[in-house]
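Participant: For reference, the structure I am asking about is given below.
The values are calculated or read from the model by the stated rules, or taken from the named source; none is laboratory data. Remember, predicted model here, so these are calculated numbers, not experimental data. Positions of Cβ are generated from backbone atoms using ideal geometry, with glycine treated the same way; all protein chains shown enter the neighbour counts. Quick note on the areas: whole protein, heavy atoms, side chains included, nothing else; ligands and nucleic acids left out. Shrake-Rupley method; radii C 1.70, N 1.55, O 1.52, S 1.80 Å.
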Amino acid sequence: TADEQAVAMVVYKPQKGERPLWDFPQGTLYKREVAAFVVSSALGWNLVPPTVIRDGPHGIGSVQLFVDADYEQHYFTLRDDHAEAFQRMALFDFVVNNADRKGGHVLLDDDGHIWGIDHGICFHDEPKLRTVIWEWAGKPIPQPFMDDLQHLQTALDPDQPLMQTLSTLLY
């Protein structure tokens, strides 16, 4: 009913809590978190947990659905059994110019789904790719991933809603 509210655990990252970085504009990291979710969704890859902008107890910030995961697991313990998911994530990191993919920024949920988190340091206008996922460097991109990238390229036309959304988040 209209009176019922959904309750979920989330991760809240307020703009006020962002540490200044010399190479990223101050106060923009929370928007980059949301932009990563938007791109992951546009690709249809479901790599980034749902993330939105909300006004919270410490002001405006990003709010991301909390992933209940086994926090003893990370990229280096998961990579052998989830190669396709990590190949997709490596390509995603390239697309969003992820400057901070650490082994612990990868989570395995109870359903066996691999998630990538902590995307505040993405989308720089200079190449900044820094990731632990390098197994596929220099290898051909599988055709299904190329098809998804071509759909993304079309969606990034200036007149398309995706580009308009990203423009409000990143510029």
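Participant: If you check Leu65 against the conditions, is it open to solvent by 70 Å² or more (accessible area, probe 1.4 Å), more than 19 Å from Trp134 (Cα to Cα) and in contact (Cβ under 8 Å) with a residue 40 or more places away in the chain?
Facilitator: Numbers: open to solvent by 70 Å² or more (accessible area, probe 1.4 Å): yes; more than 19 Å from Trp134 (Cα to Cα): yes; in contact (Cβ under 8 Å) with a residue 40 or more places away in the chain: yes.
Judged against the criteria, Leu65 is a match.
Participant: Considering only region 108-119, how many residues are of a type in the set (D, E, K, R) and surrounded by 15 or more Cβ atoms within 10 Å (Cβ to Cβ)?
Facilitator: 1
Participant: Determine if region 97-107 includes at least one residue that is open to solvent by less than 50 Å² (accessible area, probe 1.4 Å), without any contact (Cβ under 8 Å) to a residue 60 or more places away in the chain and basic (Lys, Arg).
Facilitator: So far as region 97-107 goes, yes, one or more of its residues are open to solvent by less than 50 Å² (accessible area, probe 1.4 Å), without any contact (Cβ under 8 Å) to a residue 60 or more places away in the chain and basic (Lys, Arg).
Participant: Moving on to the next point. Please determine, by comparing only the residues of region 1-12 that are open to solvent by 70 Å² or more (accessible area, probe 1.4 Å) and in contact with a Phe, Trp or Tyr (Cβ under 9 Å, 6 or more places away or on another chain), which one is farthest from Gly59 (Cα to Cα).
Facilitator: As a first pass, look at region 1-12 and keep what is open to solvent by 70 Å² or more (accessible area, probe 1.4 Å): 1-7, 9-10.
From the residues that got through so far, the ones that are in contact with a Phe, Trp or Tyr (Cβ under 9 Å, 6 or more places away or on another chain) too are 9-10.
Working: Met9: 18, Val10: 15 Å.
Among those that are open to solvent by 70 Å² or more (accessible area, probe 1.4 Å) and in contact with a Phe, Trp or Tyr (Cβ under 9 Å, 6 or more places away or on another chain), it is Met9.
Participant: Okay, moving on. Is there any pair with a first residue in region 4-25 that is more than 24 Å from Ala69 (Cα to Cα) and a second that is open to solvent by less than 100 Å² (accessible area, probe 1.4 Å) and in a strand (DSSP E or B) whose Cβ atoms are under 7 Å apart and which are 6 or more apart or on different chains, and what are they?
Facilitator: Close Cβ pairs (under 7 Å, with a partner that is open to solvent by less than 100 Å² (accessible area, probe 1.4 Å) and in a strand (DSSP E or B)) amount to Gln15/Gly59; Gln15/Ile60; Gln15/Gly61; Lys16/Gly59.
Participant: Still on this model: Of all residues in region 120-145, how many are surrounded by 14 or more Cβ atoms within 10 Å (Cβ to Cβ) and without any contact (Cβ under 8 Å) to a residue 60 or more places away in the chain?
Facilitator: 8
Participant: Give region 1-20 a look and list any residue that's outside any loop (DSSP other than H, G, I, E, B) and among the hydroxyl-bearing types (Ser, Thr, Tyr), or say none.
Facilitator: Of everything in region 1-20, just one residue is outside any loop (DSSP other than H, G, I, E, B) and among the hydroxyl-bearing types (Ser, Thr, Tyr), namely Tyr12.
Participant: Do you know which residues across region 124-158 are part of a loop (DSSP other than H, G, I, E, B) and acidic (Asp, Glu)?
Facilitator: Listed by number, the residues that qualify are Asp125, Glu126, Glu135, Asp157.
Participant: Here are the criteria: (1) within 21 Å of Thr165 (Cα to Cα); (2) out of contact with any Gly (no Cβ under 9 Å at 6 or more places or on another chain); (3) among the aliphatic types (A, V, I, L, M). Tell me which single one Val67 does not satisfy.
Facilitator: (1)
Participant: Taking the conditions exactly as written (within 17 Å of Val39 (Cβ to Cβ), at pLDDT 95 or above and not basic (Lys, Arg)), does Ile121 satisfy them or not?
Facilitator: So Ile121 passes the test.
Participant: If you don't mind, another one. Name the single residue, out of those in region 21-54 being part of a loop (DSSP other than H, G, I, E, B) and β-branched (Val, Ile, Thr), that is surrounded by the fewest Cβ atoms within 10 Å (Cβ to Cβ).
Facilitator: Step by step, filter region 21-54, then rank; the result is Thr28.
Participant: For region 101-112, name all the residues that are under 20 Å from Val63 (Cα atoms) and not in a strand (DSSP E or B).
Facilitator: Passing the criteria: Gly104, His105.
Participant: Still on this structure: Is region 1-8 home to any residue that is at pLDDT 95 or above and not basic (Lys, Arg)?
Facilitator: no
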